[in-house]
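Student: Got a structure for you, written out below as structure tokens; questions coming shortly.
All of the numbers you see were taken from the coordinates with simple rules; none came from a lab. It should be emphasised that the depicted structure is a prediction, and the values quoted were computed from it without experimental measurement. Cβ placement follows ideal geometry from the backbone for every residue including glycine, while neighbour counts extend to all protein chains displayed.
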Amino acid sequence: MNNLSDLTVIIVTYKTKEEILFNCINSIKKEIKIINIENSNDEAHKKKVEDKYDNVKVILSGKNLGYGSANNLGLKNVKTRYVLISNPDVEYNNDFFDEINFYLKDDIDFSIIGPSYNDEMLYKSYGSLDGTIIEEGFDKYFLKEVGYVIGCSMLLDKKNIKTNSYFDENFFLYFEEADFCRRIKIKGGKIFSSSKLLITHLGNQGSTSTNPKYEVESEMIRSWHWMWSTFYYHKKHSGYLKAFSLMFGKLVRAFFKMIIFTLFYNKKKRSMYYARFSGLLNSMLGKKSWYRIKYFD
């Protein structure tokens with residue numbers, strides 16, 4: 001039985017290279033509905049993509065919302081039970097959507113299923129929430145229960161997601177999927193990794209951050225938000241004191257390395273450690289995740 005009509009794919013982009021996005025879309029079966037949330041006002045992008053693909057609807061967010069908020073916008077526009085959240089720099093194996101059809105039914109109780117990477121021996125597509133090692137091996141459905149799955153590609157069964165909201169929009173970059181999975185598990189939901197659903201994830205190819213002209217700015221925005229989100233995540237789930245004890249050393253190291261690289265006139269390293277220090281300090285002070293580089297707005 002083909003249940004793909006009950007599946008929608010959400011792809012969030014931000015001025016992504018056409019080749020990257022089109023390769024992703026081309027790896028998805030044409031019968032599947034796709035919503036592309038473009039984090040800008042790029043009318044030309046909307047027209048080009050919708051003219052090229054009959055199964056793709058482009059929604060312009062008007063500004064760069066980040067990963068979580070943009071996916072929430074997509075989820076508000078989904079009418080199907082199942083949703084596949086996808087980064088644009090993901091390419092799906094030829095049999096991916098034949099295999100995913102197996103999970104689109106009531107036989108298997110899940111909230112989220114994450115695919116495996118084709119190079120899973122090098123990179124893990126899942127992890128535990130408490131730092132424990134997850135044992136190898138999958139069950140008869142080619143699944144194993146995990147703490148969280150990487151957000152580049154995740155299959156959601158909305159019927160089995162009991163949280164009041166999907167992604168926490170306080171995050172702009174990083175930790176959104178870990179927070180989402182954690183809240184689902186607290187409510188009794190089940191998170192799995194599948195060995196049958198295979199993808200290739202290019203990594204860090206989904207936005208204009210790939211432009212070498214903005215290498216320093218891109219590194220700064222990644223560093224700032226990594227530190228901000230790390231502290232916010234630990235504070236949210238373990239309390240302020242626990243987060244502070246985990247991150248205070250990183251704050252001190254970032255400060256001294258910023259000073260050292262300033263003295264040695266290493267602008268790139270100084271900028272990176274300034275961003276780390278600033279992101280972590282702002283998170284410790286309870287400031288919102290406000291940092292944006294003008295080019296990315």
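Student: Per the helix-only calculation at 222 nm, which mean residue ellipticity applies to the chain, given -39500 (n - 2.57) for every DSSP H run of n ≥ 4 and division by its residues, nearest 500 deg cm²/dmol?
Tutor: Numbers: 8 runs with 111 residues, N = 297.
Helices in the chain give a 222 nm mean residue ellipticity of -12000 deg cm²/dmol.
Student: Based on the Cβ-Cβ distance from SER5 to ILE260, what FRET efficiency comes out when R0 is 51 Å, to the nearest 0.05?
Tutor: Using R0 = 51 Å, I get an efficiency of 0.30.
Student: Amide H neighbours of ILE10 under 5 Å, at least 5 residues apart or on other chains, H built in the peptide plane: list them.
Tutor: Those qualifying (amide H under 5 Å, at least 5 residues apart or on another chain) are ILE35, LEU84, ILE85, SER86.
Student: Which residue, TYR274, TYR67, TYR53, tops the fluctuation ranking in a GNM of the chain built on C-alpha contacts under 10 Å?
Tutor: Among TYR274, TYR67, TYR53, the largest GNM mean-square fluctuation belongs to TYR53.
Student: Which residues' amide hydrogens lie under 5 Å from the amide hydrogen of VAL146, considering only partners 5 or more residues apart or on another chain, with H built in the peptide plane?
Tutor: The answer is ILE191, PHE192, SER193.
Student: A 25 angstrom limit on the alpha carbon distance is what I want to check against. Which of LYS48/LYS268; LYS30/LYS76; LYS79/LYS162; LYS144/LYS187; LYS29/LYS57; LYS159/LYS196 exceed it?
Tutor: Working: LYS48/LYS268 37 Å; LYS30/LYS76 22 Å; LYS79/LYS162 17 Å; LYS144/LYS187 19 Å; LYS29/LYS57 15 Å; LYS159/LYS196 23 Å.
Over 25 Å Cα-Cα: LYS48/LYS268.
Student: Whole-Hz ³J(HN,Hα) for each residue in segment 273-285, computed from phi via Karplus 6.51 cos²θ - 1.76 cosθ + 1.60 with θ = phi - 60°, x for glycine and proline: what do you get?
Tutor: For segment 273-285, the Karplus-derived couplings read 6, 4, 5, 4, 4, 5, x, 5, 4, 4, 5, 4, 7 Hz, x marking Gly and Pro.
Student: In addition: Give me the distance in nm between label points sitting 7 Å out from Cα along the Cα-to-Cβ direction at SER245 and GLU120, one decimal.
Tutor: With each label placed 7 Å out from Cα toward Cβ, I get 3.6 nm.
Student: With a 10 Å Cβ neighbour count serving as the proxy for reagent exposure, in which order, fewest first, do VAL78, VAL58 appear?
Tutor: By the 10 Å Cβ count, ascending, the order reads VAL78, VAL58.
Student: Let me ask something else about it. Are there trypsin sites (Lys or Arg not before Pro) in segment 1-75 that DSSP marks as loop and that have at most 11 other Cβ atoms within 10 Å, and which are they?
Tutor: LYS30
Student: Let me ask something else. Show me, for segment 187-201, the HN-Hα J-couplings you get by feeding each phi into the Karplus relation (A = 6.51, B = -1.76, C = 1.60, θ = phi - 60°), rounded to Hz, glycine and proline as x.
Tutor: Karplus values, whole Hz, x for Gly and Pro: 8, x, x, 10, 10, 10, 10, 10, 8, 8, 9, 10, 9, 10, 10.
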